[in-house]
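What follows is a single structure, written as structure tokens, with notes after it.
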Amino acid sequence: MDYNARYSDGYAYKVIYDPTERKTYLATSEGGRMDVPFYLNGAHFIEFYFTGFAGMMGKDAWAERAKMDRLLTAPAKPAEPPKTKPEDTRLHVERRPGESNLAALQRAYGEKEITAQCKARQQARNQAQSEPVDPRTEQLADQARQQRNEIASLRKRG
């Protein structure tokens, strides 16, 4: 079973339980581990969840959920949230040779909007990838993939 911690920004992080210490950790990208913080990158902790396997029976899922609730310790909410610097919303504009002030401003604003849209798409993509896949949806996708492969092989022959 894989345990994960979900935060309010939609990101999920892999959770490691150390039975010798009886302690819950988050896995780091460097392969290490860190204590589970309540606030992480400006988002707050929501819940722990686990990802089972395709075809997992309800009674097994409930037993796994009870085990997870017994083992994993949720972080305590601090009395005050951490102080964060307000985001700098000013637009930095550098003119290119021969470019007017208006054109430079429009280009800088467009670049800022594109960056924000890319960030939002990446966040949505990460959230969608962290969600468990319904076995029926996975089966339908496999069937569609097989049909496309069969059609493609028939076209190659003909």
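Brief remarks on what is shown
- Solvent-accessible surface of the chain, taken per residue with a 1.4 Å probe and all protein chains present: 79 Å².
- Along each principal axis, Cα extent of the stretch 1-69, largest first, Å: 36, 30, 20
- Under 16 Å from the Glu99 label point (7 Å along Cα→beta-carbon), backbone N, the stretch 111-138: 111-115
- Percent RCO, i.e. relative contact order, over the chain, from Cα pairs under 8 Å lying at least 6 residues apart: 21
- Relative contact order computed over the stretch 1-80 (Cα-Cα under 8 Å; 6+ residues apart), in percent: 33
- Computed P(r) (all Cα pairs; the stretch 40-87; 5 Å bins; percent): 4, 15, 21, 16, 12, 11, 9, 7, 4, 2
- Amide hydrogen neighbours beyond the local backbone of Val36, cut-off 5 Å, H modeled: Leu26
- When the chain is treated as a Gaussian network with alpha carbon springs shorter than 10 Å, the biggest mean-square fluctuation among Gly98, Gly58, Gly32 belongs to Gly98.
- Ligands, DNA and RNA left out, the 1.4 Å accessible surface of the chain is 53% carbon and sulfur atoms.
- Spatially, the stretch 88-117 and the stretch 22-52 are offset by 37 Å when compared through their Cα centroids.
- Hull shadow area, averaged, the chain [alpha-carbon convex hull, nm²]: 17.9
- Pairwise FRET efficiency - Ala76 versus Gln117, Cβ, R0 = 25 Å, nearest 0.05: 0.10
- Efficiency of FRET from Cβ geometry, Ala43 and Arg145, R₀ 35 Å, rounded to 0.05: 0.50
- For the stretch 18-23, 3J(HN,Hα) per residue [Karplus equation, 6.51 cos²θ - 1.76 cosθ + 1.60, θ = phi - 60°, Hz, x = Gly/Pro]: 9, x, 5, 8, 6, 9
- Residue-by-residue Karplus 3J(HN,Hα) for the stretch 5-15, coefficients 6.51, -1.76, 1.60, Hz, glycine and proline x: 10, 9, 10, 5, 7, x, 7, 10, 10, 5, 10
The values are calculated or read from the model by the stated rules, or taken from the named source; none is laboratory data. All figures in this text were calculated on a predicted structure; none of them were measured in a lab. Quick reminder, even Gly has a Cβ in these numbers, built from the backbone with ideal geometry, and neighbours come from all protein chains shown. For accessibility, only protein heavy atoms count, side chains too; no ligands or nucleic acids. Shrake-Rupley method; radii C 1.70, N 1.55, O 1.52, S 1.80 Å.
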